[in-house]
1. Restricting to the stretch 408-456, count the residues that are touching a strand residue (DSSP E or B) at 6+ places or on another chain (Cβ under 6 Å), without any contact (Cβ under 8 Å) to a residue 40 or more places away in the chain and among the polar types (S, T, N, Q).
2. List the strands (runs of 3 or more DSSP E) inside the stretch 317-424, counting only whole elements, that have at least 2 residues being in contact with an Asp or Glu (Cβ under 7 Å, 6 or more places away or on another chain) and open to solvent by 10 Å² or more (accessible area, probe 1.4 Å).
3. Take the conditions aromatic (F, W, Y) and part of a loop (DSSP other than H, G, I, E, B) and apply them to F171. Does it pass?
4. With the checklist (1) over 30 Å from R330 (Cα atoms); (2) touching an Asp or Glu at 6+ places or on another chain (Cβ under 7 Å); (3) open to solvent by 40 Å² or more (accessible area, probe 1.4 Å); (4) not charged (D, E, K, R) in hand, flag the one item A79 doesn't pass.
5. Quick one: would you say K476 is open to solvent by 60 Å² or more (accessible area, probe 1.4 Å), within 23 Å of V245 (Cβ to Cβ) and in contact (Cβ under 8 Å) with a residue 60 or more places away in the chain?
6. Any chance you could count how many residues in the stretch 392-425 are in contact with a helix residue (DSSP H, G or I) (Cβ under 7 Å, 6 or more places away or on another chain) and more than 21 Å from S227 (Cα to Cα)?
7. Could you run through the stretch 105-121 and say how many residues are open to solvent by 40 Å² or more (accessible area, probe 1.4 Å) and in a helix (DSSP H, G or I)?
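The values are calculated or read from the model by the stated rules, or taken from the named source; none is laboratory data. Bear in mind the structure is a predicted one, so any value in this text is a computation, not a measurement. Neighbour counts run over all protein chains shown; Cβ positions are idealised from the backbone, glycine included. Just the protein is used for accessible areas: all its heavy atoms, side chains included, with ligands, DNA and RNA removed. Shrake-Rupley method; radii C 1.70, N 1.55, O 1.52, S 1.80 Å.
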Amino acid sequence: MTKIVNHWIGGKTVEGASGTYGPVTDPATGAVTTNVAFATVDEVDAAVAAAKDAYATWGKSSLAKRSTILFKFRALLDANRDAIAELITAEHGKVHSDALGEVARGLEIVELACGITVQLKGELSTEVASRVDVSSIRQPLGVVAGITPFNFPAMVPMWMFPLAIACGNTFVLKPSEKDPSAAMKLAELLAEAGLPDGVFNVVHGDKVAVDRLLEHPDVKAVSFVGSTPIARYIHTTASANGKRVQALGGAKNHMLVLPDADLDAAADAAVSAAYGSAGERCMAISAVVAVGAIGDELVEKIRERAEKIKIGPGNDPTSEMGPLITKVHRDKVASYVTGAAAEGSEVVLDGSGFTVEGFEDGHWIGISLLDKVPTTAKAYQDEIFGPVLTVLRVDTYEEGLALINASPFGNGTAIFTRDGGAARRFQLEVEAGMVGVNVPIPVPVGYHSFGGWKDSLFGDHHIYGNDGTHFYTRGKVVTTRWPDPADGPSGVDLGFPRNH
């Protein structure tokens, strides 16, 4: 019998009322295993109303209470790592070790939220004028929403809601309809940890649900991670409705390899960063820029390593890479490889026809490696979001830097070199929000913020870290004068306050 995933509103599962469901497939078999309810406008309104009601008390709750609940949630999350990872593998397709890694990175932000008390401390200046003190405090916004992608169905929501609720907000999550079960498991664990009803809600759906969250007058802020066209739409629409927005978009992450680099280490890093999680991550390295005469040797080292990757079902412990999320996405990724030669690229590895014996209906694609790729090729210009690595050749560091900076994306980038001076120049000169030096995927730890530049981020705030705390709170400045008991009436003064 096909599983049904419903909504989570007001602390309990609420059966979908629209009669519209979306199919969720097992990417390894292609079989529909789950139907997820799509919310109507009224159901989204019910979730927002539950969050608004809960905010009346949660927004005034003590930091001690919030921290206690988050510590309990952290313990439950840790105890349920494998169960959450299994849900991710079943609906996304990534191998179990990748799914466990995703949960671990989400756990990192939960731990940051547990210690939110330090980030929420205000400031105080005394005696700015005679008997006048000025204090700055941060207060929650109210109801906030998160709209999250399919590639990290547990981690990306945990980039958002732990900090949001730790700051005193209530939360409505609209996860990807392609792999919704992990979000529901997180909701259940929050309830088990003692989170009051309505503080965290989950509604599933499509553009109807998204648009209602973007326009709802009681939603004060929207966090989003996804493709650049949708991020731009989210930012434009939500901002027009008076909301605070952080919208993280797509990427084309480059890895610049200088002639002095350790080519074995660079090849290891390129393979890991390009093909891990089947390339379905916004921090994947999808373009290697080889400087000087090292190109042929580097490509050969990458090919040797890539050919050894074992592709299979995510729940097979021997698999190193799983299938793609849907057949439609698989076919789109394959099209970049089958059309590469006509656009001037040299096809070193072609995984477009790959399949797994016994799982022929799965969404399989093999490892692809394209060399001498022109910047005009679609495989270079587009975010492929699959296991396709392109290699571009340049003669100098300056040429490579210019190539990277000409990209409309500016999410992450990396340089591989033994030269500290070159690395220092690169980290200052490259136009990207996250830079790795001999680190291929420079995703910041939880207490630093994640976010790109240019078409990779819309809005002023990066996600999690200090930026996350600031995004989910707003500042207030209070100026106070208390009369000395010995003072008598002083009369009315219509002038400016006397600070000097």
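1. Count: 1.
2. Of the strands (runs of 3 or more DSSP E) lying wholly inside the stretch 317-424, those with at least 2 residues that are in contact with an Asp or Glu (Cβ under 7 Å, 6 or more places away or on another chain) and open to solvent by 10 Å² or more (accessible area, probe 1.4 Å) span 346-349.
3. no
4. Looking at each condition in turn, A79 falls short on (2).
5. yes
6. Total satisfying the criteria: 10.
7. 6
Every residue, every condition in (1) surrounded by fewer than 20 Cβ atoms within 10 Å (Cβ to Cβ); (2) under 29 Å from F71 (Cβ atoms), yes or no:
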{"position": "A183", "(1), (2)": "no, yes"}
{"position": "A191", "(1), (2)": "yes, yes"}
{"position": "F200", "(1), (2)": "no, yes"}
{"position": "V203", "(1), (2)": "no, yes"}
{"position": "V210", "(1), (2)": "no, no"}
{"position": "G226", "(1), (2)": "no, no"}
{"position": "A231", "(1), (2)": "no, no"}
{"position": "H235", "(1), (2)": "no, no"}
